1. If R0 is 25 Å, what FRET efficiency do you get for R27 and A89 from their C-beta distance, rounded to 0.05?
2. If the limit is 18 Å between Cα atoms, which of K28/K58; K31/K87; K55/K87; K55/K88; K28/K55; K31/K79 go over it?
3. Within segment 15-94, report the GluC sites (Glu not before Pro) that DSSP leaves as loop and that have at most 13 other Cβ atoms within 10 Å.
4. Can you give the FRET efficiency for I8 and I52, using 1/(1 + (r/R0)^6), R0 = 35 Å, r = Cβ-Cβ distance, to the nearest 0.05?
Amino acid sequence: MGPQTTSIVFMVLIFVVFYFMLIRPQRKRDKEISTMRQNLTIGDEIITIGGIHGKIVKVNDEIVVIELSHAKQRITLGKWAIGSVSKKANKKVEEKTEEKTEEKPEKDEKKDE
């Protein structure tokens, strides 16, 4: 092998090392963060990228409203500002809430009869 071939092989080897050490892990992290932000639900406790802790009260496609525990203040944020989820909402609580909202119209119908 000549010196030109050796230098080309060395450059390709450096690119492969950079890909597996830097590019691939970053893409994996970006995908995990994107999935986490898409799966946000009401009741999740989150931490923003600025360090604000709160509980999700409302979720839209691009916007999240959180409630701060200490003063019951609400803040509207973009989903991109959420850094991590510290506690997922309890699914049983959500199911009970859905059942209660379904039962209320039935009770109103019985009163009308």
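Computed from the coordinates by the stated procedures, all read-outs in this text should not be read as laboratory data. Predicted model only: the values in this text are computed from it and were never measured. Every residue, glycine among them, receives a Cβ derived from its backbone with ideal geometry; neighbour counts consider all protein chains shown.
1. 0.30
2. Working: K28/K58 28 Å; K31/K87 20 Å; K55/K87 9 Å; K55/K88 10 Å; K28/K55 26 Å; K31/K79 14 Å.
K28/K58; K31/K87; K28/K55, as the Cα separations exceed 18 Å there.
3. Sites meeting the loop and neighbour criteria: E62.
4. The computed FRET efficiency comes out at 0.10.
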